[in-house]
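Taken together, the values in this text are just the output of simple stated rules run on the coordinates, not laboratory data. Because the structure is a prediction, the values reported are computed rather than measured. Backbone-built Cβ (ideal geometry, glycine too); neighbour counts: all protein chains shown.
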Amino acid sequence: MFKTCEIIKQRTMTALSRSGLPGLDYALNPYIGCMHACVYCYARLYTRDKRVSENWGRIVIVKENLLEVLNSEVKRLRRGVVGVGTITDAYQPVEAVYKLTREAVKILLKNGFKISIQTKNPLVLRDVDVLSAGKELVDIGFTITSIECGRSRTLEPNAPCPEARIEALRKLSRSGFNTWIFYGPIIPGFNDDEDTITLLVDIASETKSILYYDPLHFKPFMKSPSHPLHSLYASRAFPQRIRKTIYHLRQKCLERGIQCRGGFD
């Protein structure tokens, strides 16, 4: 079915887990692992299944009984905000087949939970009918690391092109959803140029989106000489350049009246 990725079906004991991320009470991750295979993705460090974490992007586990477990949990858990896709992209290509995210969102909204979706995939547009039923309970954000598809492919090999993400963001905004952009990780020499910053601010203004930003945080797996980001690890100019980029971004947001926040503040 998916030539570059092995799919494993597995039962789960929980659907909603407590979240330590700002603004989120729970996390919902219908899949373990992510087919987008982004080389900078920190999620592999929080993925306990070594089959997945050590083969990031090549193995994805489908939580086949997720909906059954979720139906039970929503009846006893306090209502709150659910982050949909915190250590996986809930709208990665496998979702087009198994539709766990779509059905889980139905259950959550029906039971009065708020949901916050972060994705790189325009597949979320498929579920506008479901999301619209509880629009006041929903916000949707797209991670946009680059504005050029060719450049994006070097670090996000299987993720949809940024142009497709931006167009999906526009459609959701026009449909009345609360939207946001996640500009991260900010990587010097890759996506901290003036054109990228200006376009993201323009898109945030056009779509009335909050613009979150987050610099690259070096993790152990990036220190390997074979990793694409290894050269930045030894760069003494890295911290100063990041600070300069964030200051410039915040100034542009201020000038345009855009809400601009640190991604994990």
* **Sites matching trypsin sites (Lys or Arg not before Pro) across segment 1-35 that sit in DSSP coil, with at most 14 neighbouring C-beta atoms within 10 Å** => K3, R11
* To do: Please sort by residue number the trypsin sites (Lys or Arg not before Pro) in segment 52-81 whose DSSP state is loop and whose Cβ has at most 11 other Cβ atoms within 10 Å.
  => K75, R76, R78
* Asked: If you plug each phi of segment 91-107 into the Karplus form 6.51 cos²θ - 1.76 cosθ + 1.60 with θ = phi - 60°, what whole-Hz ³J(HN,Hα) values come out, in order, with x for Gly and Pro?
  -> 10, 5, x, 4, 5, 4, 8, 8, 6, 5, 5, 4, 6, 5, 4, 4, 5
* To do: Could you tell me the distance between the Cα centroids of segment 190-250 and segment 15-80, to the nearest Å?
  => 25 Å
* Work out the FRET efficiency for T14 and S205 from their Cβ-Cβ distance, taking R0 = 41 Å, and round it to the nearest 0.05. => 0.55
* the chain: relative contact order in percent, alpha carbon pairs under 8 Å with at least 6 residues between -> 15 percent
* Across K9/K75; K120/K171; K63/K106; K63/K219; K208/K252, pairs whose alpha-carbon gap is larger than 22 Å -> K9/K75; K63/K219
* Structure fact -> Percent of all Cα-Cα pairs per 10 Å bin for the chain, counting from 0 up to the last occupied bin, reads 7, 30, 36, 22, 5, 0
* Structure fact -> In deg cm²/dmol, rounded to the nearest 500, the helical mean residue ellipticity at 222 nm of the chain, built from -39500 (n - 2.57) for every DSSP H run of length 4 or more, is -9500 deg cm²/dmol
* **Where only alpha carbons of segment 129-251 are counted, the Rg and the Dmax (Å)** => 15.9, 50
* Please work out the FRET efficiency for the pair N111 and R236, using the Cβ-Cβ distance as r and a Förster radius of 41 Å; give the result to the nearest 0.05. => 0.20
* Taking every pair of Cα atoms in segment 93-199, average 1/r, invert it to obtain the Kirkwood radius, and report Rg/Rh to two decimals. => 1.01
* To do: Mind listing the lone cysteines of the chain, meaning no other Cys beta-carbon sits under 4.7 Å from theirs?
  => C5, C34
